[in-house]
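The structure under discussion appears below in the form of structure tokens.
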Amino acid sequence: MVRPYLTVMALAILVTSGPAAPVFAKDPGPVPATQQANSYYVSGLASLKAALALQPNTGKAKNVILFIGDGMGISTITASRIYAGQQAGRDGPSNSLSFEALPYLALSKTYSHDSLVTDSAPSASAMMTGVKTKNGAIGVDGSVIEEDCDSLKTSKVTNLAELAKAAGRSTGAVTTTRITDATPAATYAHTPFRRWEGDQDMPPEAKAAGCIDIARQLVEAPFGGPLDVVMGGGRSRFRPDDQGGNRTDGLDLIKAWQTKAGPDGVYVSTAAQLAALKPGQTKKILGLFAEDHMPYEAERALLGQDKPTLAAMTVAAIDALSTNPKGYFLLVEGGRIDMGSHANNAYRTLTETVELSKAVSAALAKVNLKDTLIIVTADHSHGLVISGYPSRNAPILGLADEPGSITHQPVKARDGKPYTILSFATGPGGPEGNDVRDDLSQTNTQDPDYRQQAGIPANSAAHGGEDVAIFAGGPQAHLFHGVVEESYIFQVMRHALGL
């Protein structure tokens, strides 16, 4: 009897020792006309021609704009592009967000100095300083000790905005969160604890040790003064409690900023005031449009009538910063993408990502990529998952349906219940205790307030630790390729600006 494994071995010897067999019996000849006419083939050929024509811009950048989608992992980008396409009546999967047209891409490794999964403070710090630090810390290196003011004295590192300011360039930060939140704070603050946004957030011993809250650091920033443009929420951190704020030290930091900015500085608190500013006539802007975070775009009809969009703030910032002939650095954050995901609310995650795409589109319409480097990335990912083999035109916020289903009949999980195309790994959408998973048969999962189900229950969804995408165009953008450290982004920006 011939043993099967001996037969396999014998065949392997014959194959490896004999002449190589041709893949085709004969030359397959030219690509058939029907194949060449296929839409995927035509699209791929056009992309190839564009790639072959691409010439790197190796000149220096006059300006750099860094867009950060907070929590905008690759799955979030994919789901958002599908959502945007479907909302516009186009094919979702083949749709593209504005920044996906940028020619150069890389992957960014987002781990922090002390954690596999970063929070926004060390990730923004890595991009701004070229140095990774610990979760919870901003503008310092990995030697810092959380909430320890003495360690701050020896761990401070210089950020890109400070370097740009010292070189005579203008600087700015725009966000949909509080301007004192982790990502925008990385442009001006140095602190061993990201939660010290105002003096009321700090313990007495930290104040006694000489630590200064983040809002006050913005106003008292060195290198020639504060950021030239500051726009977002967080007004309460800048005003004393007797003026509707929550500062306990009695300081009016809005007035202090105006004094330091001088006649070139303008304070605005509504969308109308921002829109009234004339391009070229305003050099410095402090825009605080909400006591706390800016409202979600989904809440604009109710809460956002007097609040500017991220795109409007971006355009106003570019107009103001462009008055400097030496150029500028600007950080723009779509900060509430992350907050939608923390709540397991995919609708807000996707709509906020679309708003970031609109802001990038607005910036691309204002600047020239010959002298402006634009980078779009995320500080970290989130546990958003796209799954279930749904049909191609299934609503991305809907239920996973049977493949090929014309009527979108939901597919059933092993528990006999349908499930959504989008779900989260962790978060408040998870079952509690012995609770069973909800039956979604009669649930409107496309409702703006619907909370997607999560695999593991938690008060807030956790960040994801996988790599995130970097999209880039303009001077030195070709230096983004392959898989890089998040701190490498700083090096490219510094090099592009010649700092």
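The values are calculated or read from the model by the stated rules, or taken from the named source; none is laboratory data. Worth saying up front: this structure is predicted, and the values here are computed from it rather than measured. Every residue, glycine as well, gets a Cβ built from its backbone with ideal geometry; the counts of neighbours run over all protein chains shown.
Okay, here's what the table says:
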quantity	calculated
Ser143 vs. criteria in a helix (DSSP H, G or I) and either modelled with pLDDT under 95 or surrounded by fewer than 20 Cβ atoms within 10 Å (Cβ to Cβ) (or both)	no
Test: Ala186 is within 21 Å of Asn324 (Cβ to Cβ), touching a helix residue (DSSP H, G or I) at 6+ places or on another chain (Cβ under 7 Å) and of a type in the set (A, V, I, L, M, F, W, C)	no
Selection count where residues are hydroxyl-bearing (Ser, Thr, Tyr) and over 21 Å from His382 (Cβ atoms), scope region 74-95	1
Condition check for Thr309: under 26 Å from His463 (Cα atoms) and either at pLDDT 95 or above or assigned by TED's automatic domain parsing to the domain that holds Asp371 (or both)	yes
Matching option when the condition is more than 29 Å from the chain's Cα centre (by Cα), within 19 Å of Tyr188 (Cα to Cα) and modelled with pLDDT of 95 or more, among Lys260, Lys255	Lys255
Total residues in region 151-161, condition surrounded by fewer than 23 Cβ atoms within 10 Å (Cβ to Cβ) and at pLDDT 95 or above	6
So Gly340, is it under 26 Å from Ile489 (Cβ atoms), assigned by TED's automatic domain parsing to the domain that holds Ser98 and not acidic (Asp, Glu)	yes
Given (1) touching a Ser or Thr at 6+ places or on another chain (Cβ under 8 Å); (2) more than 22 Å from Asp379 (Cα to Cα), index of the condition Val484 fails	(2)
Where a residue in region 259-276 is surrounded by 14 or more Cβ atoms within 10 Å (Cβ to Cβ) and its partner, wherever it lies, is part of a strand (DSSP E or B) and among the charged types (D, E, K, R), with Cβ under 9 Å and at least six apart	Ala261/Lys284; Gly265/Lys284; Val266/Lys284
